[in-house]
Amino acid sequence: MVKALVATDNSPAQLLIRLVLGVVIFPHGAQKVFGWFGGPGYAATVTAFSAMGFPFWAIIMLMVSELGGSLLLVLGLYTRIWALTIGTAIAICLKMNHLQHGFFMNWFGQQQGEGYEYHILVLGIALALVLQGGGMLSLDRVLARDRRRGGILL
């Protein structure tokens with residue numbers, strides 16, 4: 001099971017999309033957890049998401065996937081798991097908050113909310129990582145290689 005999770009090739013494309021997704025998602029997690037980048041921080045995030053009906057465990061998982069998952073994506077450690085959790089979070093966000101506003105972002109302030117074009121891009125990147133893994137320079141490659149040699153890193 002672990003072998004299937006960490007298996008990947010030496011693709012520079014997978015490296016690139018893994019880094020991009022990690023770097024783009026990290027500020028979202030930092031907003032929710034630390035209040036960085038103008039975000040609400042932990043307590044306000046829990047309050048806001050609780051008011052929307054999310055259970056506490058789901059709010060914590062969202063923060064873990066956006067903050068910790070994005071950092072682990074950059075490192076390429078368990079890429080498939082973190083890409084799946086980030087993709088799931090974005091899909092929920094798309095369904096709950098953006099689908100009703102149409103495809104396009106609110107570039108000119110003429111819509112009531114933001115469209116879902118960004119979410120489709122994130123979902124595409126996440127799906128590519130789930131299917132192919134972390135690629136070049138990922139810790140997944142190191143784990144897969146060491147398991148083949150009999151090393152115990154897991």
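Before moving on, here are some points about what is shown:
- In this structure, residue 143 does not qualify as among the aliphatic types (A, V, I, L, M) and within 16 Å of residue 19 (Cβ to Cβ).
- Residue count for the range 3-32, restricted to those that are aliphatic (A, V, I, L, M) and either buried (at least 20 other Cβ atoms within 10 Å of the Cβ) or touching a strand residue (DSSP E or B) at 6+ places or on another chain (Cβ under 6 Å) (or both): 4
- Matching residues, the range 1-44, being closer than 16 Å to residue 69 by Cβ and among the β-branched types (Val, Ile, Thr): 6, 17, 20, 23, 24, 25, 33
- Flag for residue 91 being in a helix (DSSP H, G or I), in contact (Cβ under 8 Å) with a residue 12 or more places away in the chain and either crowded, with 17+ Cβ neighbours inside 10 Å or hydroxyl-bearing (Ser, Thr, Tyr) (or both): no
- Set 79, 47: member being closer than 19 Å to residue 31 by Cβ and among the polar types (S, T, N, Q): 47
- Scanning the range 109-139 for residues that are in a helix (DSSP H, G or I) and in contact with a Gly (Cβ under 8 Å, 6 or more places away or on another chain) yields 122, 123, 126, 127, 130, 139.
- Cβ pairs under 9 Å, 6+ apart, first in the range 108-133 and of a type in the set (Ser, Thr, Tyr), second not in a helix (DSSP H, G or I): 116/102; 116/103; 116/104; 116/105; 118/105
- Of the helices (runs of 4 or more DSSP H) contained entirely in the range 16-80, those carrying at least 1 residues that are out of contact with any helix residue (DSSP H, G or I) (no Cβ under 7 Å at 6 or more places or on another chain), modelled with pLDDT of 95 or more and under 20 Å from residue 91 (Cα atoms) fall at 42-51, 56-63.
- Boolean, residue 146 is of a type in the set (D, E, K, R), in a helix (DSSP H, G or I) and at pLDDT below 90: yes
The values are calculated or read from the model by the stated rules, or taken from the named source; none is laboratory data. Please read these numbers as outputs of a predicted model, since none were measured by experiment. Using ideal geometry, Cβ is built from the backbone for each residue, glycine included, and neighbour counts are taken over all protein chains shown.
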